[in-house]
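J.: Structure below; questions to follow.
What follows is calculated from the coordinates using simple rules that are stated; it is not laboratory data. Not measured: the values here are computed from a predicted model. Every residue, glycine as well, gets a Cβ built from its backbone with ideal geometry; the counts of neighbours run over all protein chains shown.
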C-alpha cells in the first residue's frame, strides 16, 4: 500500500490558499481602482512666456484646487507623478500692473493641461490675481573690498582694475536709484609683493535687486617695489601782473617722493613743474601755496619740506 505524504499535501494546500488570497486581493484592488471617486487635488502652477521686463511681486493663490471625479488609477497617477499647470502669461487679463485669471478661464487651462473630459471636474479656486512690477536696469561701477597688507617696501602702482569695469543690475526703479555701485566680497591678502590677478565674487547680500549681469569679476593690481627719493624743485610763480615784480622765499623746495625702484634713475627734476599761483595767494599774509602742475608716472606719496612760500612786492 502506497504511503500518503501528509506534509506534502499540507504544503500544496498552503500554496493554493496563498495563490487564491493574492489573486483575490489583486482582483479586489483592480476593482477598487476602476471605481469612480470624487476628491479635491491641489496643483502647483507656473507662468510661461513671462515678459523679461516683468517681475512677479505676489499672487493671491499659489495653487489651483481641482475637485475631480475620476477613477482610482487617475488619482494615483496624479499622486505619483506631480503635475504642474502651465499658464500662458498672455492668457491673463490686465488691469494696470495687475493680472488675473477668472474661474472659468482657469477651468479651461486646467482641462487643457490635464486632458480632462467635460463635466468630470470643477475648479475650487475662485481666481488668480498676480501683481507685477516693471524690471529696470542700471549700469554701476565696482568697489573693491579687498584689503592688501603689502610687504615692506612694496605698494600698488595704481588702483584695482576690474574686468568688466561695470555691471548691469536689474530691479525696481526706486531701489536702483539708491544704488551707485556694487562691492566685491571682503578679502584680505598679506605680505603682498607681486602683482595680483584673480577673480572675486560680488557681494549680493545687501542688494535688493532681481538680477545682475554677472556675479563674479576678474581683477588686477600692479604691485612694485618703491624707494624714497629727494628732489629739489625751483618755484615758478604764475599770473603775476605785468607791472609787478615779486621776490619769493624760498626759491626752491625739496620734495620727497616714493618712486618705483626700476624707474629710480629715470626720474629727475625736469619731470616736474612746481608753481605758485599769484591769483590764489593769501593776501593778508603775503603767502603763496606751491603745488605740482606736472609730474611723471611711477611716483607716489609726494611730500614737500614746506607748504608755504612767502613773497614780497618789489618797487
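J.: Efficiency by 1/(1 + (r/R0)^6): what FRET value for residue 295 and residue 201, r their Cβ-Cβ distance, R0 = 35 Å, to the nearest 0.05?
T.: 0.45
J.: Quick one: among 108, 137, 156, which has the greatest mean-square fluctuation in a GNM of the chain with alpha-carbon springs under 10 angstrom?
T.: Taking springs between Cα atoms under 10 Å, the residue moving most is 108.
J.: Note down the relative contact order for the chain as a percent, whole number, built from C-alpha pairs under 8 angstrom at least six residues apart.
T.: The normalised contact order for the chain reaches 12 percent.
J.: Continuing with the same structure: Taking a temperature of 37 °C and a viscosity of 0.692 mPa s, what whole-number D in µm²/s does Stokes-Einstein yield for segment 33-134 with Rh from Kirkwood over alpha carbon pairs?
T.: The Stokes-Einstein estimate is 226 µm²/s.
J.: Now for a different question. For the chain, with a Gaussian network of springs between Cα atoms less than 10 Å apart, report the residue from 149, 208, 285 with the top mean-square fluctuation.
T.: 285
J.: Now a separate question. Percentage of Cα-Cα pair distances in segment 192-275 greater than 17 Å, rounded to whole percent?
T.: 70
J.: With each run of n ≥ 4 DSSP H residues scored as -39500 (n - 2.57), what mean residue ellipticity at 222 nm is computed for the chain after dividing by its residue count and rounding to the nearest 500 deg cm²/dmol?
T.: Numbers: 4 runs with 54 residues, N = 315.
So the helix-based figure for the chain works out to -5500 deg cm²/dmol.
J.: How high is the relative contact order of segment 76-172, in percent, with contacts defined as C-alpha pairs under 8 Å that are six or more residues apart?
T.: Result for segment 76-172 is 26 percent.
J.: What angle do you read, to the nearest 10 degrees and between 0 and 90, between the alpha-carbon axis of helix 6-34 and the longest principal axis of the chain?
T.: 60
J.: Can you give the extra length, in nm with one decimal, that the chain gains between residue 308 and residue 269 once fully stretched, where that is 0.36 nm per residue apart less the Cα-Cα distance?
T.: Value of the extension gain: 12.1 nm.
J.: At 7 Å along the Cα-to-beta-carbon direction for both residue 96 and residue 163, put a label point, then send me their distance in nm to one decimal.
T.: With each label point 7 Å from Cα toward Cβ, the separation is 4.8 nm.
J.: Relative to the present Cα-Cα distance, how much length would full extension add between residue 53 and residue 36 at 0.36 nm per residue of separation?
T.: Here the answer is 1.5 nm.
J.: Using the alpha-carbon atoms, what tilt in degrees (0 to 90, nearest 10) does helix 103-114 show relative to the longest principal axis of the chain?
T.: It is inclined by approximately 80 degrees.
J.: Taking a temperature of 25 °C and a viscosity of 0.890 mPa s, what whole-number D in µm²/s does Stokes-Einstein yield for segment 136-221 with Rh from Kirkwood over alpha carbon pairs?
T.: Approximately 177 µm²/s, per Stokes-Einstein.
J.: Something else about it: Relative contact order (percent) for segment 33-134, with alpha-carbon contacts under 8 angstrom and 6 or more residues of separation?
T.: For segment 33-134, the relative contact order is 39 percent.
J.: Could I ask something else about it? Along the Cα→Cβ direction, 7 angstrom out, place labels at residue 190 and residue 127. What is the inter-label distance in nm?
T.: That separation, rounded to one decimal, is 6.4 nm.
J.: Suppose we keep just the DSSP beta bridges with both residues in segment 209-315; what percent of those would be antiparallel, to 5? If you can, show how the numbers build up before the last one.
T.: Numbers: 25 of 29 bridges.
Just about 85 percent of them are antiparallel.
J.: How far apart, in nanometres, would the label points at residue 104 and residue 146 be if each is projected 7 angstrom from Cα along the Cα-to-Cβ direction?
T.: The modelled label-to-label distance comes out at 6.3 nm.
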